[in-house]
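First the structure, in the form of structure tokens, and then the observations on it.
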Amino acid sequence: MKQRSVGRSGLRVSQVGLGCNNLGQRIDFAASQAVVHKALDLGITLFDTADTYREKTAGAVGSEEFLGRILGARRKDIVLATKFGNPMDAEGTKRGASRRYIMSAVEASLRRLGTDWIDLLQVHRSDPLTPIEETLRALDDLTRQGKVRYIGCSNFAAWQVVEALWTSRQCGLAPFVSCQDEYSLLMRRPEQAQIPMMQAYGIGLLPYYPLASGLLTGKYRRNAAMPADARLVVHVARYRDRFINDANWPIVEKLEDFATQRGHTLLELAFSWLAAQPAVSSIIAGATKPEQVAANVEAGGWGLDAEDLQAIDRLTARD
């Protein structure tokens, strides 16, 4: 497994990471253990989770608990990333990026993960009620205490990241080293402002939904029945219209033809295209089965050349 730096920081991660949002939600402990062990066996070092990857019910066991129990002594061999800030309860009251909330949220994550430190702590989304300096000072204190090694953000606008970087520089605080945002062959909006910003400031991109929630796996066909256990079926209200729509189908079909003509699959194209983007540090890919982990790891090995990338740009262009 190839290793990459997260931006210009000292953090090194595997080219493909394991998104752990399925653990404790779509799959039980035994299935989660099989997925995590397969990832470890294949050289994946980045494991990305969040405190909200759990059912919002009292006593629910979620991704962080499962991951902590499964890793055990292997914890020291991996880069453990988690996030805070999204609502932790059904009422939406436990959330945010204030100093008070951050300190309690991190202690809770450390306890659930069964570890003394978090390698990459990410703000899940911006908090409009808290000044960014308050958030960054709390995160800086956590890095000085050794409870957190690096910090990052997710779902921030480009201007919000720049404001945070400026604040860190002016106040002598630990800066964000990564941004986790949706990015795929079907969702290229980050190229407008976010990616140029990341490249200018040396920040690494950790793309989520690299397969457009499964649409870029090649297992879906227009006007055909979908697999019963597919993510787009299980979470139909949340994802289906967002990904399966009249605008995306023609692009998916053209991309699959492009890959097939060159002896590759749509899955290989999706991963290899992301791997070819200079801002990308690691591709965050979820899985519910060990064989999906293996397929994701193998998919990024197609070395796309400049001509390929130009052709893909034409195929994915929106009207």
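Read-outs: derived from the displayed coordinates by stated rules, not from any lab. All values derive from a computational prediction rather than experimental measurement. Please note: Cβ atoms are built from the backbone with ideal geometry, for glycine as well, and neighbour counts cover all protein chains shown.
Quick notes on this structure:
- Antiparallel content of DSSP bridges confined to the chain, in %, to 5: 10
- Rg ratio for segment 241-319: its Cα radius of gyration over 2.2 N^0.38 Å, N being its residue count, equals 1.14.
- Taking THR143, THR49 and counting other C-beta atoms within 10 Å, the order from fewest to most: THR143, THR49
- Phi-based couplings in Hz for segment 155-164 (Karplus 6.51, -1.76, 1.60; Gly and Pro marked x): 6, 8, 5, 4, 5, 5, 5, 4, 4, 5
- Binned Cα-Cα distances of the chain, short to long, each 10 Å bin given as a whole percent: 6, 27, 35, 24, 7, 0
- Residues whose amide H lies under 5 Å from that of TYR150, counting only those 5 or more places away or on a different chain, are LEU120, LEU121; hydrogens are built 1.01 Å from N in the peptide plane.
- Helical content alone sets the calculated 222 nm signal of the chain at -11500 deg cm²/dmol, taking -39,500 (n - 2.57) per DSSP H segment of four or more residues and averaging over every residue.
- Long-range tail of P(r) for segment 10-104 (Cα pairs > 20 Å, %): 40
- Length released on extending from ARG169 to PHE29, taking residue separation times 0.36 nm less the Cα-Cα span: 46.1 nm
- Listed pairs LYS219/LYS289; LYS219/LYS254; LYS38/LYS94; LYS83/LYS289; LYS94/LYS219; LYS38/LYS76 exceeding 26 Å between Cα atoms: LYS38/LYS94; LYS94/LYS219
- Along segment 27-32 the Karplus relation, 6.51 cos²θ - 1.76 cosθ + 1.60 evaluated at θ = phi - 60°, assigns HN-Hα couplings of 10, 7, 5, 4, 5, 5 Hz to successive residues, with x for each Gly and Pro.
- Gained length - GLU182 relative to GLN199, 0.36 nm times residue gap less alpha-carbon distance: 4.5 nm
- The loop-placed GluC sites (Glu not before Pro) in segment 69-157, going by DSSP, that have at most 16 neighbouring Cβ atoms within 10 Å of their Cβ come out as GLU91.
- Beta bridge orientation in segment 124-208: antiparallel %, DSSP, nearest 5: 10
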